[in-house]
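Shown next, in structure tokens, is the structure this report addresses.
The values are calculated or read from the model by the stated rules, or taken from the named source; none is laboratory data. Not measured: the values here are computed from a predicted model. Positions of Cβ are backbone-derived with ideal geometry, glycine not excepted, and every protein chain shown enters the neighbour counts.
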């Protein structure tokens, strides 16, 4: 039977109202990103441990920042991603002789911003660490040069009177979000502060607000710097509540990002990078969080969580399966690749890439190096890891 004009208009109105409801419900995401109209894939680049601002008073420091920018520019131009994730230790705040560390944070983000690519960030243990006085600032008489912050009332030589107190997490995040609409980062729930970078992002099909998201991305602040290196019980409960609201049946795939690896990374750490693990460098021990308050147990219980991605250890870039109870569902624990020339280690720099395919769904990853080489390609599945040649 042919619809009357009124019925047809009513159907259009109800469809429109339903989609508006999708966007304004209590479970609306912090932000939504979309697949491109001309691409079946969504690509994410991870930049870890850039350490901008390190040794800023020397010739070496600014040169390392330039080198880090070159690495990012190379990777961005080769991969053309849809999202960049800054995976902590964006700056070395305990090494920055300025009261406003956001200046270096902005510098680190600039290659991504200049290309018009959205980004999201989480905090590491160096991003708001208390400023440390370099020993070479002190003259033979023990009096440092006049490098006080602008609001210092005295520079008599007493450390307490001429101290750079640094820029706290909340100030860094507020500055980032305020300065660009491309930033997908959020301050996170106030009851979790001073743990700030706790939020989620949904990736949806191209212009289809009412279709289920293709993937949920969760970001957690793993502490360090201004407070202990932990993911707290309160954060675990926030994740539990949020995931239950937006993905109650675990039908939407999920991945999680934070900076400092959990103790589970120590459990799965390989002696050598070999199957079932995949990677190219395994040059140090895992430096894990100070304590475990249940985040890994919660993630292991959710079959929708496919992988966790961290930074922190510059000499590791492997992915290994975590299945403590011999379940068929594997949670993959992955390191990124050290991207910045700041920080320790002389290993070649690069970035981990994540690629999401919509129909049929697949999740893949590889490492793109500063010399443009690609290695360690992997495909995540529900129970196994398929290596690619």
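Values as computed for the structure displayed
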| read-out | value |
| --- | --- |
| Among the candidates 321, 303, residue that is over 18 Å from residue 260 (Cβ atoms) and in contact with a strand residue (DSSP E or B) (Cβ under 7 Å, 6 or more places away or on another chain) | 321 |
| Residues of region 334-374 satisfying the condition of being in contact (Cβ under 8 Å) with a residue 60 or more places away in the chain, over 23 Å from residue 51 (Cβ atoms) and touching a strand residue (DSSP E or B) at 6+ places or on another chain (Cβ under 7 Å) | 355, 356, 357, 363 |
| Some residue of region 179-194 being at pLDDT 75 or above, within 24 Å of residue 117 (Cβ to Cβ), part of a helix (DSSP H, G or I) and within 17 Å of the chain's Cα centre (by Cα) | no |
| Residues satisfying the stated conditions in region 272-287, i.e. assigned to a loop (DSSP other than H, G, I, E, B) and touching a strand residue (DSSP E or B) at 6+ places or on another chain (Cβ under 8 Å) | 272, 273, 275, 276, 277, 279, 280, 281, 283, 284, 286 |
| Only listed residue being touching a residue at least 12 places away in the same chain (Cβ under 8 Å) and either under 24 Å from residue 322 (Cβ atoms) or touching a strand residue (DSSP E or B) at 6+ places or on another chain (Cβ under 7 Å) (or both), chosen from 212, 251 | 251 |
| Matching residues, region 225-244, being more than 20 Å from residue 120 (Cβ to Cβ) and touching a residue at least 60 places away in the same chain (Cβ under 8 Å) | 226, 228, 229, 230, 232, 233, 236 |
| Any hit, region 170-190, residues being closer than 29 Å to residue 315 by Cα, touching a helix residue (DSSP H, G or I) at 6+ places or on another chain (Cβ under 9 Å) and surrounded by fewer than 19 Cβ atoms within 10 Å (Cβ to Cβ) | no |
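One line per residue, one yes/no per condition, for (1) at pLDDT below 95; (2) part of a loop (DSSP other than H, G, I, E, B); (3) surrounded by 21 or more Cβ atoms within 10 Å (Cβ to Cβ):
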| site | (1), (2), (3) |
| --- | --- |
| 289 | no, yes, yes |
| 333 | no, no, yes |
| 355 | no, no, no |
| 360 | yes, yes, no |
| 368 | no, no, yes |
